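Before any comments, here is the structure.
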Amino acid sequence: MKLFKSLLVAPATLGLLAPMSATANEVTINDFNPAEELAITNSRVDGLEARLNDFEAGSFSETTSASFSVDAAIGAVDGDTTSDAVGFDFQFNIGLSTSFTGEDSLDVAIDSGSGTLSPVGTEMGFDSGTGLVVDGVTYSFPVGGASAIVGDATDISAAFTGACAYNGFTDYMGDCGTGNSVGVGGNGVTGAVSYPFESGWSVAAGVSSQNTSVLTTEGSDSIGAELAYTGDNYGVALAFVDADGGTGDGTTYWGLNGTFSPESSFVSSISAGFELATVDNSGDGAEGYFLGFTWDEVGPGSVSVGGATKGNFGSGVNELMIYEAAYSYPVNDAITITPGIFMEETGPGTDDKTGVIVKSSFSF
């Protein structure tokens, strides 16, 4: 601020001296007191400096941080009933985080994106909406040796450990094929707690309900629990979820996923998942599975190859599969380019989908 103060004082002083020389025949040197005028100017500059300091100190607290990311994808999906032309989609995400005790965290997610304007955004699972939308507000805090989270639009699985090392390219490959169990989401308001043991085991449980009907028979509720173990180079997670649709058509899910990183092998990690769904009233069952491989050091980037069912399929139902392969390489610490290809089965009488997409991810 010393340089800033000097820059303000200098023109002020010249402004005082200039009219004195122009009217020297009317004002004597005794009528002008430079020390007094400079003192007034300094006082005004000090006041401005104090206001600037207050503004800088109050803009963010010391524990508040913000992160930003942009994903953009361009490509084409041959066989899509909407359009097989080249399309472009994007999503923009803001994450705000602050702490009040040093052990807790209040997090706000704000999203926007073109979403489903083209098949590209749909396959990538991009956010949709032309304006910024609050996608979740979560508060996490310690309770004894456990960790608790409460929030709105928060997933129950945010408290789960999971055991999936595969980074899916398309939206279908997320959560290693256990998106209704180990990767269960939330219906609205959510509360969950987790506890890690020193032995590598961890347990977690949570509940999620509609905001307008919390834990009532009319509302849609989900209750989930997970038991997981994490070793030096492997992990396994088992989850149970009871999802009540609010109309008597609830579904029970069991999910199991695991990951293994061989110490000496041509592959860096292997991830697998299996999920079983049972409709409560009818007892009808359906199942799905996933298998994925990752090679971490292939040139400057990494390769991922995976295959999975497009959801859970019952006995006698034709299973639909999706396969993908992608190569992800970091241009620098803030930019990652990921070209990929996928093939998606659509069922008898229709053409399968084949997509080629290049995704660019920016973080700042």
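Read-outs throughout are calculated quantities, based only on the coordinates presented, and are distinct from any laboratory measurement. As the structure is a prediction and not an experimental result, all values here were calculated from the model. All Cβ positions, even for glycine, are placed from backbone atoms using ideal geometry, and neighbour counts span all protein chains on display.
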- Task: Send over the semi-axes of region 221-364's equivalent ellipsoid, whole angstrom and largest first, taken as the square roots of 5 times the C-alpha gyration tensor eigenvalues.
- Result: 32, 22, 16
- Query: Quick one: 282, 209, 181, fewest Cβ neighbours within 10 Å first, how do they rank?
  - Reply: 282, 209, 181
- Message: How would region 112-211 be classified by its alpha-carbon gyration tensor: rounded, prolate or oblate, with rounded meaning a/c under 1.5 and the a/b versus b/c comparison settling the rest?
- Response: oblate
- Rounded to the nearest Å, the spacing of the alpha-carbon centers of region 95-167 and region 262-335 is 22 Å
- Task: Taking the Cα centre of region 140-243 as origin, work out the dipole magnitude from +1 charges on Lys and Arg Cβ and -1 charges on Asp and Glu Cβ, in debye rounded to 20.
- Result: 100 debye
- Query: If you take the charge dipole of region 186-272 about its Cα centre, with +1 on Lys and Arg Cβ and -1 on Asp and Glu Cβ, which of 250, 219, 194 is farthest toward its positive end?
  - Reply: 194
